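A short worksheet on the structure shown next.
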Amino acid sequence: MQTHGKRALRLAWLVGALVVASAASSHAASASPLLVRGYTVIPEPQKVTLGGKDFELASPWRLELGPGVKADDVAVTGLGEGLRERFLFALSEGKVKGAGAIRLAIDPQAVEVGEARDRDRAALAEQAYRIKLAPGEISITGNTATGLFYGVETLVQLVKAGEGKLWLPEGEIVDWPDLELRVIYWDDAHHLERPGVLKAALRQAAFYKINGFAIKLEGHFQYKHAAPIVEPYALTPAELQDLTDYARVYHVELIPFLDGPAHDAFILKHPEYAGLREYPESNYEFCSTNPETYKLLNGMFDDLLAATKGSKYFVLSTDEPYYVGLAKNSQCNEADRAKELGSVGKLLAEFVTKTAGYLHEHGRQVIFWGEYPLVPEDIDSLPSYMINGEVYGPKFDPVFKAHGIRQMVYTSTEGVEQLFPEYYLLPSSGRLHPRPAGAARVEDMLDAISFTSLESLSSTRPDSAQAHQADLLGTFVAGWGDAGLHPETFWMGYATGPSAAWHHGSASSAELMSSFYRLFYGQGGTNLGRLYQLMSEQAQFWEDSWETGPTSARTPIFGNSYMVFNPPRPEQDQYLPLLPVPEPGVLRLPYDWLLENQKRLELAGRFLAQNDELLDLLHTNLDQVQFNRYNLEVYVSVAQLYRQNLVMLHDLSRIVEALDSAQRSAGRAEAERAVAALDRALAIAENIRQYRNQALQDATATWYKSWLPRVPEANGRKFLDKVDDVKDHQPVRTVDMSYLVYRQLLYPLGEWADQVIAARNQYAEAHHLPARQDRLEWKDTRGGLSAARTPDESED
């Protein structure tokens, strides 16, 4: 699984540095001047000087275009659209007597960049702007069109509604980014958004001054040079170019993303490319010494380059190439080449040099992961024009810097969490299984971006570019799709994480999260912090409520980051303790399932009550929020998946209670009551199946509003249903959306029902009662709720 857990280990060296860095960031514990006055901006501007009063933004106000600004500039159209959409406020055209004026201008000398970690001050200056705010007159001046656009976005965010009026503070904002490049990663490896949805995501990113959008498509792009891998629904080159052009209008770089030499099962699973594998039995990694590997990759590069004309960057994801230099078999001999070069890391450097060199020759700046098996001694073998998408600490970063390789700070809003990111952490009192303490996602991202790569704990200027080991260029905030989450769940992290790359060590995580609720949902939101807390905690219990152990449901795993397994090892899946099956004849139960699962059931009952609260909050906000209602629709579907799991756990206990009732009735020779209790247990099992199916169908219908369908065949193309031999991404386990209930499909409730029916019929026959011939079609996900919920046994 593309967990990137080892990246967290690489940042462990920061623990000591963060102790000192906390002093530098202590001001973040206090609210920013804007928030104190009731205003919200993400990211927080660099310099804010406020006057003593607020003033009303009331009609009429007119727009004046100054030097360098054209009427069709996105800053102009964005200002008008933003004020209309958010506040129903329209700017007047032409001169209007008594009207206030918003003046837009471009002046290359408007802002001199102050302190920043990025040494490229000219690049930072391109994004700088100044806003002057006074009653009757607002001026926004950017050093370039990009800076003007960012100034406009700040003004639109800044406007505050209150008492039926619109308000702004008197004062001045002078702003520039701390790091030039602020990238979010959009993972469409296992699903594909509709093009209009991707455009909306690009526009949303620009609103928060995100200027890089790295998109991983895998088989969801129509490659000419790799036709077999193209999936049933895939973007055409024209559609990808249209997205690239649209992004650039909003000063965002759409960045194509392609893995190599590892994480390539989406290519190497196909028989046409099996000969390019490093190991014949594993589809995970390319053979880096096979010339045909480069021929294929260069063709795929050509296809992506041709469909993203105008884009500046390319992500060559050299992520987790575990086995480079180890293979020596009938179709790949890397070991001898690694020995010849001097190390396996130098062989990886050779791969990077060849692939990145091709991209560099075609005008792209290449972002890669300069990671294991590279060691500091291998860095001189890399091209110096590369951009490393991560920092690794004092052993690596000064070497990259000395070699001329700039770096980015990597972090993520989502790793391998199930259903929802960990924006809030579930306390240990709510967990079935203990887990080490950690930081919630937003706080973790802010710390990583603000305080990564401090060179010296004794530095008197820890914020300066000279005080850092790495030559920092930007940040890369990932939302990994490994667990199949909906990207709508990532926006909290996408908005707040990159803000630390604009103004590091500024606003606290609590302030940024609060500001996000107001900006993302607009007016009318109710108790959104509690809503996100419940979404986060319920997701963690959804995962924690089941056990984990070896599985035979998929092929064994070829290896991990440490070794190739010999033989391959079983992957892990989640499971629940099996329900008891009554003994034929006497209906005795072999063990006390309720006692063994007491804590699980107690916690499920507590979370079921909280799920009521969550759904109430979701539906309340669906009716009230101004923006992003679809986001809350997705959350409702996720909350129903939480609920289905909680109800299932409760219903399993009801099944056992019915079995226990059958056992007691059989002991009293009450055969009809015993059989009725067994039938009730089976009916509850059918309730579980129907409720599961309904939750799955509701989620599918909601998610397909923004996703193209996950299907085995469409548009004359077929999806090859083969899992990755090293990584186990949950969506790859199924072709359709049933991965959302995959662990339930593995739970052998159908087999249990067959055994109960057999015991029931044997008992019924012995007591001259009718048999039943039906089956619980547990793995059938068709159909929804078609019967009333089976009641518990009536009290006598």
In degrees, nearest ten, helix 291-306 long axis to first principal axis of the chain (Cα): 60
Rounded accessible area of M563 (nearest 10 Å², 1.4 Å probe): 90
Residue-normalised accessible area of the chain, given per residue in Å² at a 1.4 Å probe: 38
Nearby lysines by direct alpha-carbon distance to K47 (threshold 25 angstrom, same-chain neighbours under 8 apart not counted): K132, K160, K209
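As a test of reading the structure, rank H251, H220 by solvent-accessible area (1.4 Å probe, protein chains only), most first.
Listed by decreasing accessible area, they come as H251, H220.
Ordering K395, K209 from largest to smallest accessible area (1.4 angstrom probe), what's the sequence?
Reading off the accessible areas and sorting them downward yields K395, K209.
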Debye-sum result for the range 513-663 in log10 I(q)/I(0), which assumes one identical scatterer on each alpha carbon, at q = 0.10, 0.12, 0.13 Å⁻¹: -0.57, -0.73, -0.79
Cα long-axis angle, helix 237-249 against the chain (0 to 90 degrees, to the nearest 10): 50
The chain - percent of accessible surface contributed by carbon and sulfur, probe 1.4 Å: 52
Leading residue at positive end of dipole, the chain (Cβ point charges), from Y284, S506, G147: G147
In degrees, nearest ten, helix 528-544 long axis to first principal axis of the chain (Cα): 50
Area of W176 that stays accessible when all protein chains are in place (1.4 Å probe, Å², to 10): 10
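In the structure shown, do any of K269/K312; K199/K718; K199/K312; K269/K354; K199/K269 have a Cα-Cα gap over 21 Å, and if so which?
K269/K312; K199/K718; K269/K354; K199/K269
With all protein chains present and a 1.4 Å probe, how do R689, R717, R673 order by accessible area, largest first?
Greatest to least solvent exposure: R673, R717, R689.
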Kirkwood hydrodynamic radius of the range 58-174, Cα pairs, Å: 14.7
20 Å-binned pair-distance histogram of the chain (Cα, whole percent): 15, 44, 31, 10, 1
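The values are calculated or read from the model by the stated rules, or taken from the named source; none is laboratory data. All figures in this text were calculated on a predicted structure; none of them were measured in a lab. Here the Cβ is made from the backbone with ideal geometry for all residues, glycine too, and neighbour counts use every protein chain on show. SASA here: full protein model, heavy atoms, side chains in, ligands and nucleic acids out. Shrake-Rupley method; radii C 1.70, N 1.55, O 1.52, S 1.80 Å.
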